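Below: one structure, written as structure tokens.
The values are calculated or read from the model by the stated rules, or taken from the named source; none is laboratory data. All values derive from a computational prediction rather than experimental measurement. Here the Cβ is made from the backbone with ideal geometry for all residues, glycine too, and neighbour counts use every protein chain on show. Note: areas computed on protein heavy atoms with side chains; ligands, DNA, RNA excluded. Shrake-Rupley method; radii C 1.70, N 1.55, O 1.52, S 1.80 Å.
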Amino acid sequence: MKRVKYLLVISAILVSFNSFGQKIHLSGGLQNMHLWRGLQVADGGVLSADMNVGFIKDQLKVGLWGGTDFVGDYKEFDYYISYSIAGFTVALWDIYNYSPELTFSKNIFNYDRFTTGHFIDLSVAYDFDTKLKVPLRLSWATILAGRDLNSEGKNMYSTFVYGEYSVFRDEHWTVDVGLGGIFAFNRTDEDGNRNFYGTDLVNQISIKTTYLLKFKRFDMPIFAHALWNPDACKGYLQVGVKLFAF
């Protein structure tokens, strides 16, 4: 019941943004697959959309994010709230993947930890470019609740840490390299070194090249992203474009 009230509060904020004189933002993207924290979440063409309301000069944002592939094998619908100041960003996400092949409940209001398709993710990030003019970004994300259970049915607190550095920048091009690792805080002997993302190890080595394409008054960044996952012994090449952003 508490979580239902939480969702209703978010909906009320989104609906009433005009009453507060705040800004609403909408963006959409297209890519050949969906990669997230070293994992390939969807292996076909994916359309994604983000809608959020900005408060306090856009430092505080409350929003919705969703994605789906062209054939319906991948479906995701998330809620989030984030706050950014002086290069720091703190974000809380309710991530809900209800793809047909997943065995979790497809009831969006089901938050039972043993059957839910949700998990609650808290992240903290810092962009050194904001104050120090160093093109380095560091982030830490831990799953607080939901479908991240150890062998005793308790939350595992799986964690993803990531660093990204821009090795090249000019008016049109950006080249970023990144390194990510995974572990968990609460495991039993039976779990070993298992976590939500795989096993404790580096699970993301990436190179991403972005070209800032301008079409009339719109910016449409096009990117190619090569990712290697040493933990899963897999590699991916992702390409995509941000179609619009308002």
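Go through P135, F246, T89 and say which Cα lies farthest out towards the positive end of the charge dipole of the chain; charges sit on Cβ, +1 for Lys and Arg, -1 for Asp and Glu.
Value: F246.
Which FRET efficiency, nearest 0.05, do D191 and Y126 yield, Cβ-Cβ r, R0 41 Å?
Numbers: r = 30 Å, r/R0 = 0.74.
Between D191 and Y126 the formula returns 0.85.
How do the peptides 117-129, 214-226 rank, highest first, by the average count of neighbouring beta carbon atoms within 10 Å per residue?
Working: 117-129: 18.5, 214-226: 12.3.
Order by mean packing, descending: 117-129, 214-226.
Taking a point 7 angstrom from the Cα of F168 along the C-beta vector, which residues in the stretch 191-218 have backbone N less than 16 Å away?
The answer is 207-213.
For the stretch 28-93, run through the chymotrypsin sites (Phe, Trp or Tyr not before Pro) and keep only the ones in DSSP coil with at most 14 other Cβ atoms within 10 Å of their Cβ. Don't jump to the answer; show the numbers that get you there.
Values: sites: W36, F55, W65, F70, Y74, F77, Y79, Y80, Y83, F88, W93; in loops: F70, Y74.
The qualifying sites are F70.
Using the Karplus equation 6.51 cos²θ - 1.76 cosθ + 1.60 (θ = phi - 60°), what ³J(HN,Hα) coupling, rounded to whole Hz, does each residue of the stretch 224-238 give in order, writing x for Gly and Pro?
My calculation for the stretch 224-238 gives 10, 10, 9, 10, 10, 10, x, 5, 8, 6, 10, x, 9, 10, 10 Hz in order.
Heavy atoms only, probe 1.4 Å: what % of the accessible area of the chain goes to carbon and sulfur, would you let me know?
Values: 8550 of 13560 Å².
Carbon and sulfur: 63 percent of the exposed surface of the chain.
What is the ratio of the Cα radius of gyration of the stretch 152-224 to 2.2 N^0.38 Å, where N is its residue count, to two decimals? Mind showing how you got there, number by number?
Details: Rg = 18.3 Å, N = 73, 2.2 N^0.38 = 11.2 Å.
Compared with the compact-globule rule of thumb, the stretch 152-224 sits at 1.63.
Going through the cross-link list K131/K208; K106/K234; K154/K242; K214/K234; K57/K106, which pairs have a Cα-Cα distance over 32 Å in this structure?
Numbers: K131/K208 23 Å; K106/K234 29 Å; K154/K242 38 Å; K214/K234 34 Å; K57/K106 36 Å.
Long pairs (Cα-Cα over 32 Å): K154/K242; K214/K234; K57/K106.
Could you report the chain's accessible area per residue, 1.4 Å probe, as an integer in Å²? Intermediate results must be reported in sequence, preceding the final value.
Working: 13560 Å² over 246 residues.
Using a 1.4 Å probe on heavy atoms only, each residue of the chain averages 55 Å².
Which value, in debye to the nearest 20, describes the size of the charge dipole of the stretch 57-145 about its Cα centre when Lys and Arg Cβ atoms bear +1, Asp and Glu Cβ atoms bear -1, and nothing else is charged?
On the way: 8 positive and 11 negative charges, 80 e Å.
Value, rounded to 20: 380 debye.
To the nearest 20 debye, what charge dipole does the stretch 141-246 have about its Cα centre, counting +1 at the Cβ of each Lys and Arg and -1 at the Cβ of each Asp and Glu? Could you put the intermediate results ahead of the total?
Details: 11 positive and 12 negative charges, 121 e Å.
Dipole size: approximately 580 debye.
Once you charge only the Cβ atoms, +1 for Lys and Arg and -1 for Asp and Glu, what is the size of the charge dipole of the chain about its Cα centre, to the nearest 20 debye?
Values: 24 positive and 25 negative charges, 168 e Å.
So the dipole magnitude of the chain works out to roughly 800 debye.
Under a point spin-label approximation (7 Å from Cα along Cα-to-Cβ), what is the K106-I56 distance to one decimal in nm?
Going by the 7 Å Cα→Cβ label model, 4.0 nm.
Divide by every residue of the chain the summed helix terms, -39500 (n - 2.57) for each DSSP H run of at least 4, and state the resulting mean residue ellipticity at 222 nm, rounded to the nearest 500 deg cm²/dmol. Numbers along the way, then the final one.
Numbers: 1 runs with 14 residues, N = 246.
Dividing the helical sum by the residues of the chain leaves -2000 deg cm²/dmol.
Show the residues, 5+ positions off or on another chain, whose built amide H is closer than 5 Å to the amide H of L213.
M220, I222
If you take the square roots of the eigenvalues of the alpha-carbon gyration tensor of the stretch 51-180 and sort them as a ≥ b ≥ c, do you get rounded (a/c under 1.5), prolate (a/b over b/c) or oblate?
Judged from the Cα gyration tensor, the stretch 51-180 comes out prolate (a/c at least 1.5, a/b above b/c).
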